[in-house]
Amino acid sequence: MNTPDAKSLVNRYLDASFLVSKQFDTRIREKVGQTLTTDQFCALRLIEEKPSCTPSDLSELLCVGKSSITALVNKLVDRDLVHRAGDERDRRVVYLTLTDTGRQVYRETEREIQQLLEPYLVHFKPEEVQNFIESFEKLATLLTNEGGQESE
């Protein structure tokens, strides 16, 4: 995008993105901070959604280093939210699953976050929400691909 307006668009994006992220993160932390951190919630969600999830998968999906994932997983295991199981054929591979307690905490936290965010969605038409999410997902995909190239 080499238009004269590119700088203005980028600045508008940065301003809005920063404000939305800060406001939502603060409100989510106020609502569920005593139960889980945002990173812990995201880890539980990814473990729940990805069969045979490994710490390496989490590291990649959360865009953090393996040592950070080890600390995060250790906390979740210590709280009996996540269970580690070794692969029977390759002892170097560890699979993560939610415990019953982890599944319950995840679902309760997910419900609280949904209740927190839903009131904001009523200010948008359903197609506006859908278009925004699709555009945001496209940006996320482009950011994860080298040089912003679309994957085929």
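The values are calculated or read from the model by the stated rules, or taken from the named source; none is laboratory data. The structure displayed is predicted, hence computed values, not measured ones. Here the Cβ is made from the backbone with ideal geometry for all residues, glycine too, and neighbour counts use every protein chain on show.
In table form, for the structure just shown:
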| read-out | value |
| --- | --- |
| Boolean, residue 80 is part of a loop (DSSP other than H, G, I, E, B), of a type in the set (D, E, K, R), out of contact with any strand residue (DSSP E or B) (no Cβ under 9 Å at 6 or more places or on another chain) and on the phi > 0 side of the Ramachandran plot | yes |
| Candidate set from the stretch 118-148 (those that are among the β-branched types (Val, Ile, Thr) and farther than 26 Å from residue 31 by Cα); member that is surrounded by the most Cβ atoms within 10 Å (Cβ to Cβ) | 141 |
| Residue selected from the stretch 67-102 under the condition surrounded by 12 or more Cβ atoms within 10 Å (Cβ to Cβ) and of a type in the set (Lys, Arg), by the criterion farthest from residue 36 (Cα to Cα) | 84 |
| Scan of the stretch 41-63 for residues that are more than 9 Å from residue 97 (Cα to Cα), among the hydrophobic types (A, V, I, L, M, F, W, C) and in contact with a Ser or Thr (Cβ under 7 Å, 6 or more places away or on another chain), ordered by number | 41 |
| Tally of residues being more than 20 Å from residue 67 (Cα to Cα), without any contact (Cβ under 8 Å) to a residue 60 or more places away in the chain and in contact with a Leu (Cβ under 8 Å, 6 or more places away or on another chain) across the stretch 4-49 | 1 |
| Residue under evaluation residue 115, criteria (1) under 15 Å from residue 35 (Cβ atoms); (2) out of contact with any helix residue (DSSP H, G or I) (no Cβ under 6 Å at 6 or more places or on another chain); (3) outside any helix (DSSP H, G or I), criterion not met | (3) |
| Tally, over the stretch 8-62, of residues that are surrounded by 11 or more Cβ atoms within 10 Å (Cβ to Cβ) and assigned to a helix (DSSP H, G or I) | 34 |
| Some residue of the stretch 81-91 being modelled with pLDDT under 90 and within 22 Å of residue 109 (Cβ to Cβ) | no |
| Cross-chain or 6+ apart pairs with Cβ under 8 Å, the stretch 87-100 first and under 14 Å from residue 45 (Cα atoms) and touching a residue at least 12 places away in the same chain (Cβ under 8 Å), then of a type in the set (Val, Ile, Thr) and part of a strand (DSSP E or B) | 96/82; 97/82; 98/82; 99/82 |
| Within the stretch 101-129, tally of residues that are within 15 Å of residue 41 (Cα to Cα), free of Cβ contacts under 8 Å to residues at least 12 places away in the same chain and over 16 Å from the mean Cα position of the chain (by Cα) | 1 |
